[in-house]
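None of the figures in this text is laboratory data; all of them are computed from the coordinates on show. Just so we're clear, the structure is a prediction, and the values are computed from it rather than from any experiment. A quick note on method: Cβ atoms are made from the backbone with ideal geometry, for glycine too, and the neighbour counts reach across all protein chains shown.
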Amino acid sequence: MTVFIASLFLPYTVNFHVESPRNRLSQAAPQPANGATDSASSLPNVAASLFEKSSPTPQQGLTPGATTDHERIFTTNLGKVDEEQSEYPFPATPSSEHQPFTESEAHSPAWGATTSLNQPKPRPILSPSPSILKHQDPIPTPPLPDVQRPESSGRKASFSRAEWTIETAEQGNGGLRNAVRSAKESGYLGDMMWVGTLGMPTDVLAKWTRDDIAEKLEDEYNSLTVFVNDGDFDGHYTHFCKTILWPVFHYQIPDNPKSKAYEDHSWIYYVKLNEEFAKRIAKNWKRGDSIWVQDYHLLLVPAMLRKLLPDAEIGFFLHIAFPSSEVFKCLAPRKELLEGMLGANLIGFQTAEYCRHFLQTCSRILCVEATNEGIQMEDRFINVGTFPIGIDPTSWDKRRKAADVERWVDTISARYHDKRLIVARDKIDSVRGIRQKLLSYELFLNTYPDWADKVVLIQVATSTIEQPELEATISDIAMRINSTHSTLAHQPLVFLKQDLAFPQYLALITVADALMITSLREGMNLTSHEFVYCQDGSYGDKKYGSLILSEFTGSASVFGNHALLVNPWDYRQCSEAIHTALTRGEKERKEVWQELHRAVLQNSTGNWVKSFNETLTKVWNEQSSREIMAVPRLSVPRLVEKYRQTKHRLMIIDYEGTLASWGSPRSIILTTPQRAITTLTELTDDPANVVYVMSSRMPEEMERLFRRVNNLGLIAENGCFVREPRSDEWTHLADKDHVENWKTSVSHILAYFKDRTEGSWIEERHCSLVFHYGSADDSSVAARLAAECADHINDACKNQGVHAVPIEGALIVETAMTNKSSAAELVWRWCLEDPEKKAVGKPGFLLVIGDNREDEPVFRWANKLHKAKAVDYAMTVTLGSRSTEAKATLTQGVTGVLSCLQHLAAPSGTAPAPARQSVMSAGDWGE
């Protein structure tokens with residue numbers, strides 16, 4: 001079995017070796033056939049492109065207001081150790097046997113970061129059309145150069161003719177890569193195949209060059225390459241993912257006047273790239289393989305794969321935050337994105353909060369039933385779970401032993417030997433909270449002036465996109481802090497607008513007294529995990545540093561109150577957290593650190609892969625057994641045979657949709673078809689049979705419907721009321737006082753939505769309330785309001801044991817503690833009691849027939865009973881084509897059910913009339 005792991009970027013990319021430096025195409029791109037220059041920088045009025053790699057960043061200068069040169073140590077070669085001298089050098093040349101991706105799992109370099117690789121620059125890329133009327137038009141792309149395969153490579157300075165090698169990619173999800181590597185080394189993951197793009201422009205490459213690259217990556221690096229043209233990739237990543245999806249998923253709705261997000265109609269490119277991924281995977285998939293789709297770049301791939309591979313095992317994991325439904329519904333393609341994710345068998349999130357947001361969003365936008373376990377669709381169930389990702393302790397242990405790390409620890413410790421260090425490492429963007437952090441630190445220095453010459457905040461800030469206003473604001477705050485609190489020998493803030501080499505970063509979090517993270521929203525934040533793991537005192541005297549962590553990060557749910565949780569917008573709280581971190585005693589710090597360290601180990605990358613893999617396999621097996629394709633047709637002859645072999649039988653049959661077609665809830669005259677009455681009478685006349693009919697209707701309605709059938713047991717209001725055969729008394733399973741209490745609050749909610757839905761009405765039953773909107777004037781608005789109503793009730797009334805379940809054209813609100821299965825359990829207990837008191841004896845034959853989701857709990861109950869060998873033979877039967885736990889299906893609807901029951905009721909050695917037999921299909925007679 002192969003596991004396909006689909007991520008936007010492969011762990012590998014290509015480095016081209018061009019012979020002539022004068023013609024290196026990494027500096028001057030080739031002239032395309034149409035004569036246009038290949039330099040993206042020469043294009044006027046072109047939006048910032050994914051493919052515009054920055055040149056090596058020059059030294060940004062000292063921190064604003066700097067009074068010392070301490071920060072210069074991070075930009076010199078002091079303490080640098082050659083990889084050959086390192087005990088565990090990283091990164092190394094990748095191979096199919098060993099994939100050393102371990103750098104900081106928290107900050108894998110983003111696209112646009114400085115790179116030493118020699119790769120093509122993009123040809124001219126036009127922005128998606130600003131006109132919504134033209135956004136379906138394809139981006140015009142210059143034709144590929146007519147390049148023939150040369151007799152010997154390297155004769156011309158051309159990427160298609162140059163020698164090339166496979167290198168470890170710099171951009172991508174470092175945490176995911178380390179998780180996969182760790183899982184393979186630990187044996188949690190067997191054969192696997194990466195699926196992704198090279199993360200570089202490929203239009204200038206000849207087809208044979210791309211084919212050679214793809215072949216080498218597949219054969220030697222377990223990687224399937226997805227090639228898309230540069231325009232599609234740019235529209236997908238730069239325009240849709242980074243301009244629209246990323247801000248919305250992090251609660252940054254781009255509604256300011258300068259935003260072009262909703263003028264950027266790049267949805268078509270997002271769809272096209274997802275389609276290419278789905279086709280690439282489907283082409284290589286074999287039965288038994290598993291597919292893991294990663295992150296927000298590929299939200300549509302699960303549903304696309306489900307269409308191409310209906311029975312594939314598909315998992316999806318979102319590495320970033322998932323917003324509340326109020327934020328998510330601002331997205332124009334909101335339904336398409338949700339439906340894309342729901343193509344998976346299992347959807348994983350970092351925290352329970354994101355999981356809950358997703359369930360609520362599906363309930364409100366798609367009008368589907370959301371349970372604690374997942375989403376119930378009409379044809380299938382999708383499991384949803386929480387799988388927090390972490391770091392790989394094993395690889396970190398190896399890397400920390402390197403000589404370059406130890407030298408940097410000594411260097412930083414010597415430079416700041418008499419200072420308390422607070423460190424931070426963030427990207428400069430609007431969701432990382434750097435501005436809030438600096439303002440909080442300024443407030444701390446103003447509030448506690450005695451600390452002004454004893455503490456240093458070292459803020460490492462990496463810039464991924466140009467945000468001049470934010471950068472200017474941060475620079476002003478930094479200037480003010482240092483201007484106010486600096487001396488000639490002391491500088492309280494070191495602001496490094498550059499990233500650090502990995503040994504520098506590792507050394508810095510090792511010697512720090514505290515780490516401060518003030519993200520306004522973040523999926524997990526692995527920097528906090530890395531800091532905790534490095535605070536064990538392996539180097540130097542400093543250990544057990546404190547973690548100041550934003551409550552809006554996923555890691556806050558992992559560490560809980562053992563971290564100093566803060567609201568980044570509450571500067572006073574953040575300031576006090578800094579003071580607490582610096583004044584704690586060693587005993588307290590150690591106790592807290594031990595709890596944090598335990599959480600890091602419990603949420604390691606290996607455990608993440610193992611947990612997700614095992615859960616995906618489990619839920620896929622469960623869901624596959626419920627798929628209608630896996631449910632056989634009922635063998636009526638075998639059912640009749642088992643029926644005749646047993647002395648005591650129990651049958652529980654649904655009413656509407658099973659024994660009779662659905663009728664109007666407002667019908668004044670309730671009638672049951674004569675054929676159903678006759679069939680039930682024939683069954684109940686046999687003293688060996690106990691027959692119950694179950695329905696969502698009220699007890700008095702059930703009595704009128706079946707008053708002509710003797711010895712018939714009744715289950716009303718989905719299990720809230722049960723009446724035994726030969727009895728006039730009803731047994732109440734639902735607590736009357738409890739029902740009256742929740743009805744009062746729920747009725748107000750329903751009334752609110754009823755007033756806003758023309759043509760809707762509310763039906764009150766003894767133990768439930770039904771909001772009918774099927775006849776509403778505007779069906780789409782009514783469905784949306786009903787979904788919001790269900791979500792509101794399920795959220796507000798969860799503690800009252802109440803849930804709202806959407807059904808076709810209605811919303812039923814009922815107690816969650818009582819259902820049809822609880823009534824069936826009571827009936828079963830009655831059958832096991834003294835025959836003279838209650839029933840005919842322990843049943844050896846159990847038959848349950850139903851037609852909708854409300855009958856699934858009874859199917860589940862009966863199947864468990866049979867599995868536990870509490871009954872000799874049990875058969876559960878459903879009608880129609882849908883995901884079900886029933887063991888068999890009948891294809892002839894109500895007619896088929898009645899014909900089946902008539903075959904059971906017919907005397908031994910006889911058969912129903914030919915007219916009755918004719919309705920049974922040939923398949924219903926076979927095994």
Practice item. Search the structure for amide H atoms under 5 Å from the amide H of residue 420, placed 1.01 Å from N in the peptide plane, and list their residues when 5 or more places away or on another chain. Key: 455, 456
**Study point:** Extension gain (nm, one decimal) between residue 557 and residue 538, 0.36 nm per residue minus Cα-Cα
**Key:** 4.1 nm
Check your understanding: In the structure displayed, which of 610/820; 743/867; 329/427; 419/590 lie more than 30 Å apart, Cα to Cα?
Key -> 610/820; 743/867
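Quote to one decimal, in nm, the extra length available between residue 622 and residue 755 on full extension: 0.36 nm per residue of separation minus the C-alpha distance between them.
Values: separation 133, 0.36 × 133 = 47.88 nm, distance 4.15 nm.
Extra length from residue 622 to residue 755 when fully extended: 43.7 nm.
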Point to revise | Compactness of region 736-815, expressed as Rg and Dmax over alpha-carbon positions, Å | key: 11.7, 37
Study note, to complete from the structure: Sequence order, region 331-347: Karplus ³J(HN,Hα) from phi using 6.51 cos²θ - 1.76 cosθ + 1.60, θ = phi - 60°, Hz rounded, Gly and Pro as x, gives 6, 5, x, 4, 5, 4, 5, 5, 5, x, 5, 6, x, 7, 7, 9, 10
Revision key, fill the gap. Set 121/401; 398/497; 242/283, cut-off 31 Å on Cα-Cα distance; pairs above it are 121/401
Review point. Cα to Cα, under 20 Å, and not fewer than 8 places away if on the same chain: which aspartates and glutamates meet these conditions relative to residue 335?
Key: 263, 264, 275, 295, 326, 369, 378, 379, 778, 788, 791, 808
Revision key, fill the gap. Spelling it out for residue 195: with amide H atoms placed in the peptide plane at 1.01 Å from N, the residues 5 or more places away or on another chain with amide H under 5 Å from its amide H are 5, 6, 7, 224
Exercise for review: Determine the distance separating the Cα centre of region 540-574 from the Cα centre of region 397-449; give it in Å without decimals.
Suggested key: 14 Å
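What trypsin sites (Lys or Arg not before Pro) does region 347-387 have in DSSP loop regions with at most 16 other beta carbons within 10 Å? All intermediate terms of the calculation are to be shown ahead of the outcome.
Numbers: sites: 356, 364, 380; in loops: 380.
Qualifying residues, ordered by number: none.
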**Study point:** Distance-filtered residues of region 411-434 - backbone nitrogen under 12 Å, label point 7 angstrom along residue 475 Cα→Cβ
**Key:** none
Revision key, fill the gap. Dipole check, region 736-815, charges on Cβ (K,R +1; D,E -1), about Cα centroid: among 767, 785, 749 the Cα furthest to the positive pole belongs to 767
